[in-house]
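Single-structure report; data block below.
Derivation of every value follows stated rules applied to the coordinates shown; laboratory data play no part. Since the structure is predicted, the reported quantities are computational estimates derived from the model, not experimental observations. No Cβ is skipped: glycine too gets one built from the backbone with ideal geometry, and neighbour counts run over all protein chains shown.
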Amino acid sequence: MTGIEALIPAELLSLMAENRVPHAVALESSDKAALSECALYLAQWAVCKSGKRPCGECAACKKLKSGNHPDVYTAKTEGKKNAVKISEIRNICADSVLMPNESDCKVYIIPEADKMEPSPQNAFLKLMEEPPQPMLFILLCENTQGLLQTIRSRCSVFKLKAEGGKSEQAQSLAEDIAKALCQSKEIKLVYACAALNDRQSALDALNALSELVRAATAYGITGTLGGENPLIRELSMNVKRRGLINMQQSISTAAEQIRKNVGLSLVGAVLAVNLRYNKYM
């Protein structure tokens, strides 16, 4: 398995191997470099002429690597949000009716897709719903919740894996916070949140914590889903369902503050207060 393949979820790799990748894919990660690499790898798979895609050696793969493949287009971003504007989406819509030059399909990569305003998202939605020919849309997102629901519902969303060590560290940080929520001593939660002292690791940990909270919510409703994890069961028993639901917003707010470069010590302190408040709602 290549380094890039190690970041791609097994489900997506399986779809690629079976040539069953859906026409619209949203890749989610806080690592923008990883997003770009995986998007290009998926685009390479789409245009590759080899029997085992992507081969990396055929003319199509080499053209894509050099940034010169005529059927793969990466949307331009601009403005304060560094997002794709509606004028660029209109350009893509106009280009989409032209036949591919060399491949069986056209590939459009949309960076910072979750930062697009509603108007370009709605314009893009029309193209997604009725593509004039075989196409692959690859939406790159830090958080797919920033996409309109109508867009998300028409995409297959895949969260990229974190690198091994980073993934384990993030999971450990998330579990420490979850365990502290199950205890009565407030200082435990303060210490656990204060350990979010690296921006990338903190974002990964908050994502992992969100998954734990979501699983605890599901377990509280079904009594079965996620029950194989003792921490999820414990979290569900110690925090009311309403509190778990509100914690998702607190976690999301903390992640947004980190992306805006708010001091990590402040973010951790506020998160601890909010999570503690949510627990007793």
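Computed values, structure above
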quantity	calculated
Relative exposure of Phe158, Phe124, Phe137, judged by other C-beta atoms within 10 Å (fewest first)	Phe158, Phe137, Phe124
For Met116, Met128, order by how many other beta-carbon atoms lie within 10 Å, fewest first	Met128, Met116
Listed residue pairs exceeding 26 Å between alpha carbons, taken from Lys32/Lys179; Lys81/Lys188; Lys185/Lys240; Lys32/Lys240; Lys106/Lys159; Lys159/Lys279	Lys32/Lys179; Lys81/Lys188; Lys32/Lys240; Lys159/Lys279
The chain - percent relative contact order, Cα under 8 Å, separation 6 or more	18
Beta bridges per DSSP with both ends in the chain, % antiparallel, nearest 5	5
Gained length - Ala33 relative to Thr150, 0.36 nm times residue gap less alpha-carbon distance	39.4 nm
Burial order of peptide ranges 248-257, 15-24 (average beta-carbon count within 10 Å, highest first)	248-257, 15-24
Cα-projected label distance for Val97 with Tyr277, points at 7 Å along beta-carbon direction, nm	5.3
Fraction of the pair-distance distribution of the chain above 30 Å, Cα-Cα pairs, percent	38
Ranking of Val267, Val47, Val190 by count of other Cβ atoms within 10 Å, fewest first	Val190, Val267, Val47
Segment Ile245-Ser87, length gained on full extension (0.36 nm per residue, minus Cα span)	53.1 nm
Segment Glu78-Arg259, extension gain: residue separation times 0.36 nm, minus the distance between their alpha carbons	63.3 nm
